[in-house]
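Contents: one structure, followed by commentary.
The values are calculated or read from the model by the stated rules, or taken from the named source; none is laboratory data. Please read these numbers as outputs of a predicted model, since none were measured by experiment. Counting neighbours? That spans all protein chains shown, and the Cβs are built from the backbone with ideal geometry, glycine included.
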Amino acid sequence: GQQLNQSPQSMFIQEGEDVSMNCTSSSIFNTWLWYKQDPGEGPVLLIALYKAGELTSNGRLTAQFGITRKDSFLNISASIPSDVGIYFCAGHPSGTYKYIFGTGTRLKVLA
Amino acid sequence: DAGVTQSPTHLIKTRGQQVTLRCSPKSGHDTVSWYQQALGQGPQFIFQYYEEEERQRGNFPDRFSGHQFPNYSSELNVNALLLGDSALYLCASSLGQFSGNTIYFGEGSWLTVV
């Protein structure tokens with residue numbers, strides 16, 4: 001099935017470091033969503049973006065809706081051990097009721 | 001505020017059998033979408049229900065069917081199970097008739113086909 005490109009695929013970082021990840025598409029999207037998924041659980045919504053250029057924060061997390069509407073970025077500042085998990089982006093194509101998800105970024109934090 | 005609830009959480013079925021998964025949407029939501037998540041992959045859209053009608057379907061065979069009830073809860077049925085149907089099945093709820101609304105997921109139902 002169709003999936004968006006997420007980068008990086010996985011990363012190890014030290015506690016306290018900042019993290020950046022992105023999601024790119026060949027298509028234009030109207031909405032971008034970012035989720036975190038822990039093992040054995042459903043994805044939990046982190047941030048929702050509805051407009052090109054929009055920058056939204058949720059605590060230590062900041063996400064941006066790319067100007068071209070084909071990409072989105074998520075930053076985590078001062079990472080902590082509980083940030084470990086898989087982060088997914090999801091984009092909503094115009095004229096549909098579905099979301100297309102990224103391949104995921106697996107984050108591992110070293111204490 | 002009740003979130004999205006799904007049942008059962010885990011189940012094991014044999015090839016060729018049929019399975020029914022259930023979902024109650026988040027309080028106040030009226031739209032339910034179902035996604036399949038294979039191990040190591042992102043969720044894939046199966047279909048969405050609004051006002052008891054399927055209004056969009058993803059690239060899944062007719063063996064996958066669903067239903068939405070007047071109280072907005074929903075069922076996902078899969079017939080003639082294949083080994084490849086083993087996955088986490090996620091229900092997502094949202095509010096309203098418009099597309100692009102934020103969706104909230106339940107914990108999922110883990111289906112293993114043996």
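Return a yes/no flag: does the stretch B:102-109 have any residue that is more than 9 Å from chain A (Cβ to nearest Cβ) and outside any strand (DSSP E or B).
No, the conditions are met nowhere in the stretch B:102-109.
Go through the stretch A:1-92 and tell me which strands (runs of 3 or more DSSP E), entirely inside it, have 1 or more residues that are touching a Ser or Thr at 6+ places or on another chain (Cβ under 9 Å) and touching a residue at least 40 places away in the same chain (Cβ under 8 Å).
Per the criteria, A:5-7, A:10-14, A:19-24, A:29-37, A:71-76.
When you look at B:VAL78, is it at pLDDT 95 or above and in contact with a Pro (Cβ under 8 Å, 6 or more places away or on another chain), yes or no?
Spelling it out, it is not the case that B:VAL78 is at pLDDT 95 or above and in contact with a Pro (Cβ under 8 Å, 6 or more places away or on another chain).
Anything in the stretch A:52-73 that is touching a strand residue (DSSP E or B) at 6+ places or on another chain (Cβ under 6 Å) and aliphatic (A, V, I, L, M)? List them, or say none.
Correct list: A:ALA52, A:LEU55, A:LEU61, A:ALA63.
Out of everything in the stretch B:50-90 that is facing another protein chain (nearest Cβ under 10 Å) and touching a Lys or Arg at 6+ places or on another chain (Cβ under 7 Å), what residue ends up being surrounded by the most Cβ atoms within 10 Å (Cβ to Cβ)?
B:GLY58
Which is assigned to a loop (DSSP other than H, G, I, E, B), of a type outside the set (A, V, I, L, M), within 13 Å of chain A (Cβ to nearest Cβ) and farther than 25 Å from A:PHE88 by Cβ, of B:GLN97, B:GLN41?
When all the criteria are applied, what remains is B:GLN97.
Limited to the stretch A:30-53, what total is found for residues that are surrounded by fewer than 16 Cβ atoms within 10 Å (Cβ to Cβ) and either closer than 19 Å to A:PRO93 by Cα or of a type in the set (Lys, Arg) (or both)?
Residues meeting the conditions: 3.
I'm trying to understand the selection: among the residues of the stretch B:7-32, which are assigned to a strand (DSSP E or B) and more than 15 Å from B:ASN71 (Cα to Cα)?
B:SER7, B:HIS10, B:LEU11, B:ILE12, B:LYS13, B:VAL19, B:THR20, B:LEU21
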